[in-house]
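Here's the structure we're looking at; comments come further down.
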C-alpha cells in the first residue's frame, strides 16, 4: 500500500493557526475601542474628586464620582480627555488631557469644590439682585398705589369742602324771660383754587349780627337792627392733618365803636383755625385764641 505524501498537511495547519490568531487580535482590538493604544497595552486611570460630578473619559459616561470613593478605569496607553460635570450646573465643568505613558497607574485629581462654591455664590448674588430688583419694583408699585390713593382721598377731601357752610348762634336776655336778644349767623362760601395751587381754596365770609332791643321795664322789643360784616381768605387743604383756614376783614364791625358809627378795619386778621371733617355734611372749625372769632364752631353744608 502506498503512503500519501505528507507535505500537504503542514500548510493547512499553518493556515488554520493564522485565521485563529487574526480573529483573536480582532477581538482584543474591539474591546479597547475608544482609547488610544500603544501595542495594545492598558493601564488604570484613577480619578479622585473633591465634589460629586458626572465623569466621562473620551466621551464615554463613567457615572457619578464622589469624594468618598475614587474611581478606577481601565484605559489604553496614550492621551485621554477626562471631564467631570456638576449635575444641574452644566456650565461648571472640570476638563483635562491625561497621558498614559506606561502600564503604571495614572491619577487625575478633579478640583471642582472651590469652583462650585464660587458658582453657588455667584448664583446667590444674582438671585439676591433679582429679589432686590423685584422688591424695589414692588415697593415702587406700592408707593405709586399709595400716591394714587392719597391723591384720590385728597381730591375727595378738597371737593367735600367746596360749597356753602352755615353756622348760627343765639343769645337770650336773662332780664326778659330768656327772649332772644342777638342772633348771629355766619356763612362761609368755599370755592375751588386758582391756577397751579389746587390745594388752596378761596373763602368768602358773611356774618350777620341781628340785634333786638328791649324796654327794660316791659321787656317789649323796641327796635331791631342787622349789622353785616364781610371777610375773605383761603383754606389750605391737607390730608394727613386738619386743613387750615385764615380770614381777613373787608368791612368788619368794631364792637367797641358806638352803634351809630360802625367802624371798618380792612385787612385786619379776623380769625384763623383748623378744620376737622365730621361727615360729608358737617365740619368743625377750631378758631385760634386771639382772633375776633374764638372757640369751636360746627358748620353744616347747605349747598
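What to note about this one:
- If R0 is 35 Å, the Cβ-Cβ spacing of residue 238 and residue 131 corresponds to a FRET efficiency of close to 0.40.
- FRET E, pair residue 142, residue 278, Förster distance 35 Å, beta-carbon r, rounded to 0.05: 0.65
- Contour excess over end-to-end distance, with Cα ends at residue 69 and residue 183 and 0.36 nm allotted per residue: 30.6 nm
- Listing 210, 69 from fewest to most neighbouring C-beta atoms within 10 Å gives 69, 210.
- Taking a point 7 Å out from the Cα of residue 175 in the direction of its Cβ, the residues of segment 210-229 whose backbone N falls within less than 19 Å of it are 211-225.
- Considering only alpha-carbon pairs that sit under 8 angstrom and 6 or more positions apart, the relative contact order computed for segment 40-115 is 39 percent.
- Proxy reagent accessibility, fewest Cβ within 10 Å first, across 68, 50: 68, 50
Bear in mind that the values in this text are calculations on the coordinates, not laboratory data. Note that this is a predicted model, so its numbers are computed, not measured. Virtual Cβ from ideal backbone geometry, glycine too; neighbours counted across all protein chains shown.
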